Amino acid sequence: MSSKQHLGHTARKRFGQNFLHDDYIIDKIVSAINPLSGQALVEIGPGLGALTEPVAEIVDKLTVVELDRDLAKRLRSHPFMQDKLNVIEQDALKFDFSTLLVSEKADNSKLRVFGNLPYNISTPLMFHLFKFANSIQDMHFMLQLEVVKRLCAASGDKLYGRLSVMAQYYCQPTVVVMVPPTAFKPAPKVDSAVVRLTPHKTPPVDLHSIDSLQTIVTTAFNQRRKTIRNSLKNLLNEEQITKLSVNPELRAEKLTLNDFSKLANSYYELNLNEQ
């Protein structure tokens, strides 16, 4: 049998498919998620059901978002899960997750999102999900270990970047399970890990506009070797940066979320005054 085949399904490269098959690792991941009946559980990219099956054994209902038509069909006709599953055959990158909220009044109605994300779309998918952070209780994702390290990186770390700053504005990231390549078929060439992202109840910094933060962070890290005096010069001048008690000689990786929020708020106010 080809190493790309698992349970009769051939992994599709364009969907970035690698199927989890190690029972010990699967059990650790399900324990970390700790799914309970009555919760609004949503799995992204259920694939062949490695996580779906053990979770469905514990709970009475589960929504799954699957783009691959063959896999969606397989899940709809699954011998013991079909009655529990709400199969949404859509691209998770374009899906409006707020439509899955039953009632926004009860805290247990918030979404609990999990999945073994295709590595080729993991970063844009997380940015898409951050838009729904107010509707989400927590997220558990299997990701390439380097992406998990970037999510958790602190100011000053080599891997600290746009993803670190934006993710930490929305969530508290925590590594919960380490996953070796041998846990998958076909085995990827990289280590993986499961990260728990818990949205903050109140934002860690005061921000006038998320778009301004995105602009400042993206511009600063696009030229990460430059000092922010140079990388941000088309957005804020040296005097404006210094006035915020932020050192213009620093590079982007040395700035904290608090520094970025001050820069973003100043940029927002300047634009507002110019209109």
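Enumerate the amide H contacts of Ser192 below 5 Å, restricted to partners 5 or more residues apart or on another chain; note that Pro and chain-start residues carry no placed amide H.
Excluding prolines and chain starts, which carry no amide H, the hits are Leu145, Val179.
What residues have an amide H closer than 5 Å to that of Leu111, excluding those fewer than 5 places away on the same chain, when H is modeled at 1.01 Å from N in the peptide plane?
Placed amide hydrogens put Ile136, Gln137 under 5 Å from Leu111.
Of all beta bridges DSSP finds with both residues in the chain, what is the antiparallel percent, to the nearest 5? Could the numbers behind the result be given before it?
Details: 19 of 36 bridges.
Expressed as a percentage, antiparallel bridges in the chain total about 55.
With θ set to phi - 60°, apply the Karplus curve 6.51 cos²θ - 1.76 cosθ + 1.60 along region 226-232 and write out the HN-Hα couplings as whole Hz, x wherever there is a Gly or Pro.
Rounded to whole hertz, the list is 8, 6, 5, 4, 8, 5, 9.
When only DSSP loop residues count, what chymotrypsin sites (Phe, Trp or Tyr not before Pro) in region 20-97 have their Cβ near at most 12 other Cβ atoms within 10 Å?
Phe80
Could you give the accessible area per residue of region 100-190, probe 1.4 Å, as a whole number in Å²? Let's see the in-between values first.
Details: 3940 Å² over 91 residues.
For region 100-190, the per-residue accessible area is 43 Å².
Around Thr52, what is the net charge, scoring Lys/Arg as +1 and Asp/Glu as -1 over all other residues with Cβ under 13 Å from its Cβ?
Neighbourhood net charge equals 0.
Tell me the carbon and sulfur percent of the accessible area for region 132-215, rounded to whole percent, probe radius 1.4 Å. Please list the in-between numbers first.
Details: 1820 of 3770 Å².
Carbon and sulfur together cover 48 percent of it.
I need the phi-derived Karplus couplings for region 148-153: 6.51 cos²θ - 1.76 cosθ + 1.60, θ = phi - 60°, integer Hz, Gly and Pro marked x.
Couplings: 4, 5, 5, 4, 8, 4 Hz.
Taking the Cα centre of region 34-95 as the origin and placing charges on Cβ (Lys, Arg +1; Asp, Glu -1), which of Leu75, Gln90, Ala56 is farthest toward the positive end of the dipole?
Value computed over the given set: Gln90.
On a full-extension model of 0.36 nm per residue, what is the gain between Asp96 and Phe80, subtracting their alpha-carbon distance, rounded to one decimal in nm?
Length gained, Asp96 through Phe80: 3.0 nm.
Where does each of 129-137, 200-208 land if you order them by average Cβ count within 10 Å, highest first?
The densest-packed peptide leads the list: 129-137, 200-208.
What order do you get for 156-162, 52-58 when each peptide is scored by the mean count of other beta carbon atoms within 10 Å, highest first?
Output ranking for 156-162, 52-58: 52-58, 156-162.
Taking the structure as given and computing percent of Cα pairs over 35 Å apart, which label from (i) 15; (ii) 20; (iii) 25 fits?
This structure yields the entry labelled (iii).
Using the Karplus curve 6.51 cos²θ - 1.76 cosθ + 1.60 with θ = phi - 60°, work out ³J(HN,Hα) for each residue of region 238-245 in order, rounded to whole Hz, and write x for Gly and Pro.
Per residue, the Karplus-derived 3J(HN,Hα) values read 4, 4, 5, 5, 4, 4, 8, 6 Hz.
Of the residues Glu43, Glu238, Glu66, which exhibits the maximal mean-square fluctuation in a Gaussian network model of the chain defined by a 10 Å Cα contact cut-off?
Maximum among the listed residues: Glu238.
The values are calculated or read from the model by the stated rules, or taken from the named source; none is laboratory data. What you see is a predicted model, and the numbers here were worked out from it, not measured in a lab. As a convention, Cβ positions derive from the backbone with ideal geometry for all residues, glycine included, and neighbour counts pool all protein chains shown. Surface accessibility is based on the protein's heavy atoms, side chains included, excluding ligands, DNA and RNA. Shrake-Rupley method; radii C 1.70, N 1.55, O 1.52, S 1.80 Å.
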